[in-house]
Amino acid sequence: MAELKTRPTDVAVRDHLAAIDDDDRRADCEALVELMTRVTGHQPVMWGPSIVGFDRYHYRYASGHEGDAAVVGFASGKRQITLYLAPGFEGDATRGLLARLGKHKTGKGCLYLKRLSDVDPEALEELVRGSVAEIRRRYPRPEA
């Protein structure tokens, strides 16, 4: 089985964020760190070279593929910030939040934002909270 490329690293999140050239983008990423830390109760960790992730879970698919992933996270790209959330934006509640959110695009488990000033912060926090709850529901931690 192929080794996963996106796994936790020892790179300091503060150093990663400090390297973002655009001041507004860096401020948006710092605000996302605050939001996701508050929602998850976990400090950020770099996953691979570009994803700032929070908490972790272990998944195993019916195909036998398994691995670890961040419960929630984000990456700053050249044109946008990608938030990594629970896959699927199909539910009525989620569609309602997306309608309130403001300017964004979605992928299967990604939310794409140009800047945080384009979105409703309360709707964004509700989306992140819902995603964290869904991942934790789907992938409960084994009892210690």
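Where a number appears in this text, it was derived from the coordinates with a stated rule and is not lab data. The structure presented is a predicted model; accordingly, all values stated were derived computationally and were not measured. In this analysis, Cβ positions are derived from the backbone assuming ideal geometry, glycine residues included, and neighbour counts consider all displayed protein chains.
Test of understanding: what is the full-extension gain from Ser117 to Arg137, defined as 0.36 nm times their sequence separation minus their Cα-Cα distance? Mind dumping the intermediate values first?
Working: separation 20, 0.36 × 20 = 7.20 nm, distance 3.07 nm.
Computed gain between Ser117 and Arg137 is 4.1 nm.
Run the numbers on segment 23-138 and let me know its relative contact order in percent, using alpha-carbon pairs under 8 Å that are six or more apart.
Computed over segment 23-138, the figure is 22 percent.
With the chain treated as a Gaussian network of Cα nodes joined by springs under 10 Å, which of Lys114, Lys105, Lys78 yields the largest mean-square fluctuation?
Sorting by GNM fluctuation, first place goes to Lys78.
Please identify, among Ser131, Ser63, Ser50, the residue showing maximal mean-square fluctuation in a Gaussian network model of the chain using a 10 angstrom Cα cutoff.
Highest fluctuation among the options: Ser63.
Find me the longest stretch of the chain that has none of the exposed GluC sites (Glu not before Pro), where exposed means in a DSSP loop (not H, G, I, E or B) with at most 12 other Cβ atoms within 10 Å. Walk me through the numbers on the way to the answer.
Details: sites that count: Glu3, Glu90, Glu143.
Formally, the longest exposed-site-free interval is 4-89.
Could you work out [θ]222 nm for the chain from helices alone, using -39500 (n - 2.57) per DSSP H run of at least four and dividing by all its residues? Round to the nearest 500 deg cm²/dmol.
Details: 4 runs with 52 residues, N = 144.
When only DSSP H runs of four or more count, the value is -11500 deg cm²/dmol.
Hey, with R₀ at 22 Å, roughly what FRET efficiency would Val11 and His42 work out to, going by the Cβ-Cβ distance, to 0.05? Walk me through the numbers before you get to the answer.
Values: r = 17 Å, r/R0 = 0.76.
So, using R0 = 22 Å, E works out to roughly 0.85.
Contour minus end-to-end for Glu66 and Ala99, with contour as 0.36 nm per residue of separation and end-to-end as the Cα-Cα distance?
Values: separation 33, 0.36 × 33 = 11.88 nm, distance 3.36 nm.
Length gained between Glu66 and Ala99: 8.5 nm.
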